[in-house]
Protein chains: 2
Amino acid sequence: MSSSSEQDFARYLGIHRVIEPRGTLPQPAWKLDNTPSAYPTETLIYVQKLHIDSASFTQIARMCELDTERMGQHIMDIVTQRGKMHNPVTGSGGVLLGTVEQLDADFGREHHLTIGDTIVSLTSLSWLPLSLQRIHKIHLERAEVEVEGKAIFFRSNPLAKLPGDLPQALVVAALDVAGAPARVAALAQAGQKVTVLGAGGTAGLLTLCALRQKLGSNGVIIAIEYSERALQDIVDLHVADVIVQADATHPLDTIEQVRHACFNDGYQADLTINVVNVPDTEFATILLTKPDGRILFFSMATSFTTAALGAEGMARQVEMHIGNGYMPDCGAVALQLLRDYPTLRTIFTKRFGASI
Amino acid sequence: MSSSSEQDFARYLGIHRVIEPRGTLPQPAWKLDNTPSAYPTETLIYVQKLHIDSASFTQIARMCELDTERMGQHIMDIVTQRGKMHNPVTGSGGVLLGTVEQLDADFGREHHLTIGDTIVSLTSLSWLPLSLQRIHKIHLERAEVEVEGKAIFFRSNPLAKLPGDLPQALVVAALDVAGAPARVAALAQAGQKVTVLGAGGTAGLLTLCALRQKLGSNGVIIAIEYSERALQDIVDLHVADVIVQADATHPLDTIEQVRHACFNDGYQADLTINVVNVPDTEFATILLTKPDGRILFFSMATSFTTAALGAEGMARQVEMHIGNGYMPDCGAVALQLLRDYPTLRTIFTKRFGASI
């Protein structure tokens, strides 16, 4: 690679915006330059909404005891300190919604954009320089923050234009977690028993539908959820074969309940999808899966060492994946599920409203 | 599950030894009861050696500035505080070597053990209650600590008996990392281009040999290593097709060097194995792999969120695995490589000595 194309690649990834530590990539960097103006190769977005990653929002809400003023101040502090919305405790971000204000020509061609288009980021907020002028409102029930701000996209960052036929709030919520259903649709195989831990969350519900669509009637879906309200949504959705209420942070109790719900039919899954939003569910996940099965960890609260050493220590050769939130057209898969499953859309509308 | 078989399962996993937090599994628990006597269902091992996980040992050595007295004290402090050798910074453990002192009958039957047998743990030290009476010596060059201590094995924990034909120190070093070559032997496919990051470490060298054995002449192996001494070992081993010296914590430089070494033949791998022992190598790993390729992260220094959000933020759908250190017979795979590759054995002997 010539020196100039090496520089191009660095700009493409956004390294030029990293203040600290110098030379790292934007996602893991401590601090980014969030100057709200597009440098060459960049695209500037006028930001209207942040949809905070579930693990991050849960942590902030708990820390601020659900006081939205304190939460708003805490979010402003993170963004001021780091130049992006990147929760230092959970390491996760979320997605944003906004309109194109300054547009890099290459980026515009690749994504078919023009100035004024409304877009949703498909990359984590932990990657994007962000400055916030104001926080208008925090919606606790849907992890949404209405803001005025500016964000920078690099040429490497994926995004999606808002489709015309679905309400904005639903699109943002679905795109934040679009990787899980898309990846699951690719990996699940006919005839499998598939368990979803945290099945009542946003990612969980989409994943249940993606599984049902892939498996048809040829497979068993076990949905595990802790919240009673979310359990009712799973019941209404009518796609899961077995529904279990359990707290995945208590592995032995969870196994007991799943075993009970499966009668004598074997409680262990060929494929287990972990989409919870709290820590300490690795063991339940491993124990609920066949020793030669497969696990996709999508939860941003997953601990690499706990999963690795836990499986090893229990002599389980289960294959474990770090859930990659990117699949080509993953946005399209998630949005199509909202169209294909009217009940899913109803549940999302109830949860995320139909705000513009 | 009846209440008594639920209790059996809990004892099988070792929950009864967890002091804090109550009810968790031993591996993630903060503190275990390390009383040096076998309770019902347990097996007591008289411990002679600890082989500390590479990421953990590197961290301790750096922190104590290579002063072995300070390191010994630090290890004693961890074990006193936690009841096990579980590095709170890296979250990793290592393996132990010792002899059977008190033997649970079921465990003995399953592993064909008798009192006095010499064994090596195949589970991480982060799982096993350990008490240390004394530290005799620390061998910096091979992450080995000669000790007097007692450890408890639960019925769920795998271990391996020492084979008669290989020196102890080599066996311990190989078994600590046996999961990587075993898993790689299962996953690599003929015709693939496979890259190993951290190829000069213990796990790296075993992995290179496992790959060559699996691929035969039908595939390309790229070995990436930072240390000059270790690079020479890779050269001597004669199994890698391309050898690159690079610092994987600098992703763009690393790509440049690999690209250069591969001429015009494409630098991205179908399968990349990460067995480094330092943090911040996720991006290099992702960028060195084809977008539709596969990555096995074995390094205990891997950050789940950095890997997940990094791939997502760069629009890469690469499949990423949490390297599971357990495979059935994984000990056997690693030890057989030491027999099949005399040069590997020579290098291991040089590194780990031929101590009894």
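Can you give the net charge of the other residues whose Cβ lies under 14 Å from the Cβ of residue A:61, counting K and R as +1 and D and E as -1?
Local net charge: -3.
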* To do: Determine, for B:30, A:127, the number of other Cβ atoms within 10 Å of each Cβ, and report the residues in order from fewest to most.
  => B:30, A:127
* Convex hull of Cα atoms in chain B, direction-averaged projection (nm²) -> 18.1 nm²
* Using alpha carbon centroids, what distance separates the stretch A:84-152 and the stretch A:302-333, in Å? -> 27 Å
* To do: Find every distance from the label point of residue A:12 to the corresponding label point in the other copies (7 Å from Cα along Cα→Cβ) and write them in nm, one decimal, shortest first.
  => 5.1
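DSSP beta bridges in the protein assembly as shown, what fraction antiparallel, as a percent rounded to 5?
Antiparallel bridges make up about 60 percent of those DSSP assigns within the protein assembly as shown.
What share of the DSSP beta bridges in chain A is antiparallel, in percent to the nearest 5? It would help to have the intermediate numbers written out before the result.
Values: 32 of 54 bridges.
Around 60 percent antiparallel, to the nearest 5.
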* Estimated distance in nm for a label pair at residue A:12 and residue A:340, the labels positioned 7 Å out from Cα along Cα-to-Cβ -> 3.3 nm
* Debye-sum result for the stretch B:267-328 in log10 I(q)/I(0), which assumes one identical scatterer on each alpha carbon, at q = 0.15, 0.16, 0.23, 0.28 Å⁻¹ -> -0.39, -0.44, -0.89, -1.27
* To do: Give the dimensionless ratio obtained when the Cα radius of gyration of the stretch B:1-80 is divided by 2.2 N^0.38 Å.
  => 1.40
* **Per the axis that maps chain A onto chain B, nearest residue of A (Cβ criterion) and its distance in Å** => A:304, 2
* For residues of B:323-331, the mean tally of beta carbons on other chains within 10 Å -> 5
* Percent of Cα-Cα pairs per 5 Å bin, from 0 to the last occupied bin, for the stretch A:135-180, please list those. => 5, 14, 21, 26, 24, 9, 1
* Structure fact -> Going fewest to most other Cβ atoms within 10 Å around each Cβ, A:140, A:187 line up as A:140, A:187
* For the residues A:227, A:56, B:156, what sequence is obtained by ranking on other C-beta atoms within 10 Å, fewest first? -> A:227, B:156, A:56
* **the protein assembly as shown, Rg to Rh (Cα coordinates; Rh as Kirkwood inverse mean 1/r)** => 0.97
* Count, for each residue of B:292-305, the Cβ atoms from other chains sitting within 10 Å of its Cβ, then give me the mean as a whole number. => 4
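Using 0.36 nm times the number of residues separating residue A:102 and residue A:229, minus their current alpha carbon distance, what extension gain do you get?
Contour length minus Cα-Cα distance gives 41.5 nm.
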* Asked: Excluding residue B:306 itself, what net charge comes from residues whose Cβ is under 12 Å from its Cβ, given Lys and Arg +1 and Asp and Glu -1?
  -> -3
* List the lysines whose Cα lies under 24 Å from the Cα of residue B:214, skipping any in the same chain that are fewer than 8 positions away. => B:193, B:290
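Between residue B:290 and residue B:70, what is the FRET efficiency for a Förster distance of 51 Å, r being their Cβ-Cβ separation, to the nearest 0.05?
It comes to 0.70.
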* Asked: When the scattering of the stretch A:135-216 is computed by the Debye formula from its Cα atoms alone, each counted once and equally, what is log10 I(q)/I(0) at q = 0.17, 0.24 Å⁻¹?
  -> -0.86, -1.22
* Once phi is turned into θ = phi - 60°, what whole-Hz ³J(HN,Hα) does the Karplus curve with 6.51, -1.76 and 1.60 give for every residue of the stretch B:108-115, x standing for Gly and Pro? -> x, 5, 5, 9, 6, 10, 9, 4
* Structure fact -> With -39,500 (n - 2.57) per DSSP H segment of 4 or more residues and division by the full residue count of chain A, the 222 nm estimate, nearest 500 deg cm²/dmol, is -11000 deg cm²/dmol
* Over all distinct Cα pairs, what is the inverse of the mean 1/r for the stretch B:236-356, reported as the Kirkwood hydrodynamic radius in Å? -> 16.2 Å
* Please state the Cα pair-distance histogram of the stretch A:23-127 with 5 angstrom bins from zero: what percent is in each bin? -> 2, 12, 19, 24, 18, 13, 7, 3, 1
* To do: Output ³J(HN,Hα) for the stretch A:322-328: one whole-Hz value per residue in order, computed from phi by the Karplus curve 6.51 cos²θ - 1.76 cosθ + 1.60 with θ = phi - 60°, and x for Gly and Pro.
  => 7, x, 8, x, 10, 9, x
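If you build the convex hull over the alpha carbons only and average its shadow over all orientations, what do you get for the stretch B:125-266? Give it in nm² to one decimal.
11.1 nm²
If Lys and Arg each add +1 and Asp and Glu each add -1, what is the summed charge of the other residues whose beta carbon sits under 13 Å from the beta carbon of residue A:206?
Working: positive: A:183, A:212, A:214, A:339, A:345, A:351; negative: A:176, A:233, A:340.
Here the charged neighbours net out to +3.
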* Approximate spin-label separation residue B:161-residue B:141, in nm, with each point projected 7 Å along Cα-to-Cβ -> 3.3 nm
* To do: Quickly rank A:69-79, A:239-249 as a protection proxy: mean count of other C-beta atoms within 10 Å, highest first.
  => A:239-249, A:69-79
* Can you list the lysines whose alpha carbon sits under 30 Å from that of residue B:150, skipping same-chain ones fewer than 8 residues off? -> B:31, B:49, B:84, B:137, B:161, B:350
* What is the average number of partner chain Cβ atoms found within 10 Å of a Cβ in A:250-260? -> 3
* Can you tell me which of A:296-303, B:115-122, B:212-219 comes out highest on packing, and rank the rest after it, using the mean Cβ neighbours within 10 Å? => A:296-303, B:115-122, B:212-219
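Based on Cβ point charges of +1 for Lys and Arg and -1 for Asp and Glu, what charge dipole magnitude is obtained for the stretch B:113-248 about its Cα centre, in debye rounded to the nearest 20? Spell out each step's value before the answer.
Working: 11 positive and 13 negative charges, 101 e Å.
About 480 debye.
Every number here is computed from the coordinates shown, using simple stated rules; none is lab data. Every value quoted in this text rests on a predicted model; they were computed, and no experiment measured them. All Cβ positions, glycine included, derive from the backbone under ideal geometry; neighbour counts span all protein chains shown.
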